[in-house]
1. Among (1) surrounded by 14 or more Cβ atoms within 10 Å (Cβ to Cβ); (2) under 14 Å from the mean Cα position of the chain (by Cα); (3) not aliphatic (A, V, I, L, M), there is one condition ARG12 misses while meeting the rest; what is its number?
2. THR7 is checked against (1) surrounded by 14 or more Cβ atoms within 10 Å (Cβ to Cβ); (2) assigned to a strand (DSSP E or B) and fails just one. What number does that condition carry?
3. What number of residues within segment 32-47 are open to solvent by 50 Å² or more (accessible area, probe 1.4 Å), part of a strand (DSSP E or B) and without any contact (Cβ under 8 Å) to a residue 24 or more places away in the chain?
4. If you check every pair at least six apart or on different chains, which have Cβ atoms under 9 Å apart with a residue in segment 13-31 that is farther than 19 Å from PHE55 by Cβ and outside any loop (DSSP other than H, G, I, E, B) first and a residue that is of a type outside the set (D, E, K, R) and open to solvent by less than 100 Å² (accessible area, probe 1.4 Å) second?
5. Out of all the residues in segment 50-65, which are closer than 26 Å to MET1 by Cα and either among the basic types (Lys, Arg) or free of Cβ contacts under 8 Å to residues at least 24 places away in the same chain (or both)?
Amino acid sequence: MRIVDMTWRAYRIGMTDPDWRSAGGRFEGIAGQFVFLHGEDGSIGRGTAIAQERFGLGPDVVAAF
């Protein structure tokens with residue numbers, strides 16, 4: 001199968017629990033890009049690339065890659 005197109009869509013998911021913390025600390029939500037690879041046979045592969053905004057890798061940087 002050959003990939004003939006790639007599309008993406010930005011997303012942001014807000015955190016519902018303001019007290020939830022990870023090892024990296026508290027944050028307000030998760031942002032990233034949904035990635036879709038379109039095959040010549042009509043199949044679609046789906047994936048996600050999560051942005052790490054606190055490290056300077058926002059959704060715009062992820063989309064540029």
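The values are calculated or read from the model by the stated rules, or taken from the named source; none is laboratory data. Being a predicted model, the structure only gives us computed values, none of them experimental. Cβ sites come from the backbone with ideal geometry, for glycine too, and all protein chains shown count toward neighbours. We work out accessible area using only protein heavy atoms, side chains counted, and drop any ligands, DNA or RNA first. Shrake-Rupley method; radii C 1.70, N 1.55, O 1.52, S 1.80 Å.
1. (1)
2. (1)
3. Matching residues across segment 32-47 total 2.
4. Listed pairs, sorted by first residue: GLY14/GLY29; GLY14/ILE30.
5. Of everything in segment 50-65, those that are closer than 26 Å to MET1 by Cα and either among the basic types (Lys, Arg) or free of Cβ contacts under 8 Å to residues at least 24 places away in the same chain (or both) turn out to be ALA64, PHE65.
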